[in-house]
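Before any comments, here is the structure.
The values are calculated or read from the model by the stated rules, or taken from the named source; none is laboratory data. Given the structure is predicted, the values throughout are model-derived calculations rather than measurements. Counting neighbours? That spans all protein chains shown, and the Cβs are built from the backbone with ideal geometry, glycine included. The protein model used for the area step is the full one, side chains on, heavy atoms only, and it has no ligands, DNA or RNA in it. Shrake-Rupley method; radii C 1.70, N 1.55, O 1.52, S 1.80 Å.
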Amino acid sequence: MAETGKRECLRRRWAAMGRGERLVLRAYFGLMRVIPESLAVALVRRRARTRPGEESADRAPERVARGMPRRPEGRVVWLHSIGPGDSTANLTLARALLGEAADLTCLVTTRTAEGQKVFARLAEESDGRVIVMLAPLDLYRATRRFLDHWRFDLAIYGEGDMWPNALRGLAAAGVPVALVNGQFNGRLGRLVGRRPGPGRWAMAHFDLLHVFRGECVEEAGNWVRPGCEVVHHPNLKMDAPAPRINDALLGEMRARWGDAPVFVCGSVADNEIDTLLDAFGRARQAVPGMKLILVPRWKEQGETIAATARARGWTVPRRAVEGLPGAEDPLFIADSYGEMGTWFAMAFGVFMGHTLFGGIGHNPYEAIARQRPILSGSITPLLPADYTYLVDVGLCRITPDAESIARGMIDYHQAMQEGDDRFAAFRAAQGFSHDLARRLLALITDRPG
């Protein structure tokens with residue numbers, strides 16, 4: 001009965017489109033039928049030479065659903081995202097789904113080759129329950145081959161990147177479809193708002209929509225079909241596991257620096273160092289004994305950052321050279337990989353690097369998962385919705401210059417001293433990805449047949 005209602009809603013939404021909108025979609029469907037797969041593979045391989053983070057020449061056949069691994073027995077859920085940022089949310093959800101259903105396999109696809117790296121560890125640890133592929137292009141035959149091969153029990157889109165042939169194929173197969181981490185004041189809103197007719201038709205395919213901003217719950221009513229369940233939970237990236245701590249390293253650092261207040265600047269760019277050192281100098285006047293850890297985005301930056309600091313009169317030991325700082329050293333350059341969780345554990349606050357002077361930013365959720373409030377030089381172009389969200393919930397402050405960064409450092413230290421716990425609501429909400437996973441799995445349970 002529910003499937004009949006969904007098909008009828010899709011038919012009505014198609015009919016409600018403007019004539020020009022239907023013509024555009026029909027032209028799209030026609031074009032996707034005639035593009036040769038050999039041409040698509042050749043173009044992917046060509047693009048891989050100039051944009052290796054987005055494409056992989058060796059894996060180009062995956063873009064036309066060729067060379068796919070065998071479908072495992074049991075239920076298979078498809079989780080799709082675009083790149084590394086979106087994949088962080090789907091990684092959290094995949095962990096929850098696997099924890100809730102022992103017979104489940106997750107096929108994880110991404111639109112970019114770089115996005116695959118997010119799932120590498122989970123795939124290794126999952127004993128074959130996580131399969132990682134590049135998403136096929138929305139060519140008619142490739143999409144049909146992909147869906148016929150995997151016979152999905154559930155499809156989940158992360159934030160957006162919904163394609164017409166895939167949506168049509170899922171609907172024809174009666175596969176429940178969900179969209180998670182949706183935001184109508186972000187990517188999803190831009191995607192459907194650009195062409196409202198096709199946008200409403202696309203949104204009618206979804207059986208569950210997860211939004212993480214309260215105002216999006218009401219807005220969802222303008223887009224989803226009546227039978228779609230709208231779930232309001234925090235951003236899935238907020239439920240990711242905290243980065244690992246090296247207990248031995250943490251113990252050594254604390255033995256050297258004792259209970260001195262420590263601030264961390266993570267993934268910093270070379271052109272940010274002068275500003276950050278200015279801020280640190282100002283903040284240290286108000287917070288005596290304060291220490292600063294500078295973590296470069298690439299460890300090869302270590303000597304350049306050290307030279308900048310030495311020119312300003314600072315003694316600057318480096319992780320790659322001296323190993324660890326001395327008790328009296330106020331600065332430390334952590335030019336190493338895989339130890340960010342330990343540096344965050346040392347800190348009372350974190351500045352996210354590559355956010356000053358037009359920087360594109362980095363994932364802020366590792367610091368948040370470690371329950372450290374963050375400063376950012378801007379709402380970054382890479383993750384604008386994420387940074388805006390964290391500002392709104394009081395876990396991030398925008399600090400575009402040395403004076404405001406220093407003020408942020410001082411305020412975060414004072415809040416820590418006063419026991420001001422801005423992460424209480426965050427802790428209370430943690431684990432919500434499992435509730436969302438159970439709601440998603442209920443779509444399979446409720447599926448006819």
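Once you charge only the Cβ atoms, +1 for Lys and Arg and -1 for Asp and Glu, what is the size of the charge dipole of the chain about its Cα centre, to the nearest 20 debye?
On the way: 59 positive and 52 negative charges, 463 e Å.
The dipole magnitude comes to about 2220 debye.
Applying 1/(1 + (r/R0)^6) with r as the Cβ-Cβ distance of residue 70 and residue 229 and R0 = 30 angstrom yields a FRET efficiency of 0.35.
In segment 72-142, the portion of solvent-accessible area held by carbon and sulfur atoms comes to 51 percent [1.4 Å probe, whole percent, DNA, RNA and ligands not counted].
Counting only alpha carbon atoms, the long axis of helix 19-34 and the longest principal axis of the chain meet at about 90°. Only helical runs count toward this figure. For the chain, summing -39,500 (n - 2.57) over DSSP H runs of n ≥ 4 and dividing by all residues gives -13500 deg cm²/dmol at 222 nm.
Based on the convex hull around the alpha carbon atoms, segment 1-137 presents an average projected area of 11.0 nm². The portion of the accessible surface of segment 238-326 made up by carbon and sulfur, rounded to a whole percent, is 46 (1.4 Å probe; DNA, RNA and ligands excluded). Computed from point charges on the beta carbon alone (+1 for Lys and Arg, -1 for Asp and Glu), the dipole magnitude for segment 64-163 about its Cα centre is near 420 Debye. Using DSSP to call loops (not H, G, I, E or B), can you name the chymotrypsin sites (Phe, Trp or Tyr not before Pro) in segment 301-337 whose Cβ has at most 16 other Cβ atoms within 10 angstrom? Qualifying residues, ordered by number: 314, 337.
Computed extension length for residue 247-residue 194: 14.1 nm, one decimal, from 0.36 nm per residue of separation with the Cα-Cα distance subtracted. Distance between the modelled labels on residue 300 and residue 337, one decimal in nanometres: 1.2 nm (7 Å Cα→Cβ projection).
Once the Cα atoms are used to define both axes, helix 432-445 deviates from the longest principal axis of the chain by about 10 degrees. In segment 26-122, Cα pairs under 8 Å separated by at least six residues give a relative contact order of 27 percent. Note on residue 299: lysines with a C-alpha under 30 Å away, same-chain residues under 8 apart excluded, are 117, 237, 291.
Along the positive direction of the dipole of the chain (beta-carbon charges: Lys, Arg +1; Asp, Glu -1; about the Cα centre), which of 285, 266, 217 reaches farthest? Comparing the listed Cα positions along the dipole, 217 ranks first.
Taking only the alpha-carbon positions of segment 299-449 and ignoring solvent, what does the Debye formula give for the base-10 log of I(q)/I(0) at q = 0.08, 0.11 Å⁻¹? Log10 I(q)/I(0), no solvent term: -0.32, -0.56. Taking Cβ atoms as reference points and 11 Å as the exclusive limit, the residues near residue 308 contribute a net charge of -2, counting Lys and Arg as +1 and Asp and Glu as -1. The magnitude of the dipole of segment 296-449, with charges of +1 and -1 set on the Cβ of Lys/Arg and Asp/Glu and taken from the Cα centre, is near 360 debye. Net charge in the neighbourhood of residue 141 (other residues with Cβ under 15 Å of its Cβ; Lys, Arg +1, Asp, Glu -1) is +2. Checking every one of the trypsin sites (Lys or Arg not before Pro) in segment 99-201 against DSSP loop status and a limit of 12 other Cβ atoms within 10 Å picks out 151, 194. Give the angle, between 0 and 90 degrees and rounded to the nearest 10, that separates the Cα long axis of helix 84-100 from the longest principal axis of the Cα atoms of the chain. The answer is roughly 70 degrees.
Annotation note: trypsin sites (Lys or Arg not before Pro) in segment 246-314 located in DSSP loop regions with a Cβ neighbour count of at most 14 within 10 Å are 312.
Residue 165: net charge of surrounding residues, Cβ under 12 Å, Lys/Arg +1, Asp/Glu -1, itself excluded?
Residues near residue 165 contribute +4 overall.
Averaged per residue, what accessible surface does segment 307-449 expose to a 1.4 Å probe, in Å²? Kindly include the intermediate steps, with their values, before the conclusion.
Numbers: 6030 Å² over 143 residues.
Each residue of segment 307-449 exposes 42 Å² on average to a 1.4 Å probe.
Simple rule: put +1 on each Lys or Arg Cβ and -1 on each Asp or Glu Cβ in the chain, find the dipole, and look at 308, 203, 353; the Cα lying farthest toward the positive end is 203.
Excluding ligands, DNA and RNA, the accessible surface per residue across segment 160-223 is 34 Å² with a 1.4 Å probe. Distance between Cα centroids, segment 143-185 to segment 291-364: provide it in whole Å. Computed from Cα coordinates, the inter-centre distance equals 42 Å.
Can you list the equivalent-ellipsoid semi-axes of segment 106-235, largest first and in whole Å, using the square root of 5 times each Cα gyration tensor eigenvalue? Mind dumping the intermediate values first?
Values: eigenvalues 124, 67, 37 Å².
Semi-axes (√(5λ), whole Å): 25, 18, 14.
For segment 194-216, the residues whose backbone nitrogen is under 19 Å from a point 7 Å from the Cα of residue 12, taken along Cα to Cβ, are 196-209.
Based on every Cα atom in segment 267-319, Rg and the maximum pairwise Cα distance Dmax equal 10.9, 33 Å.
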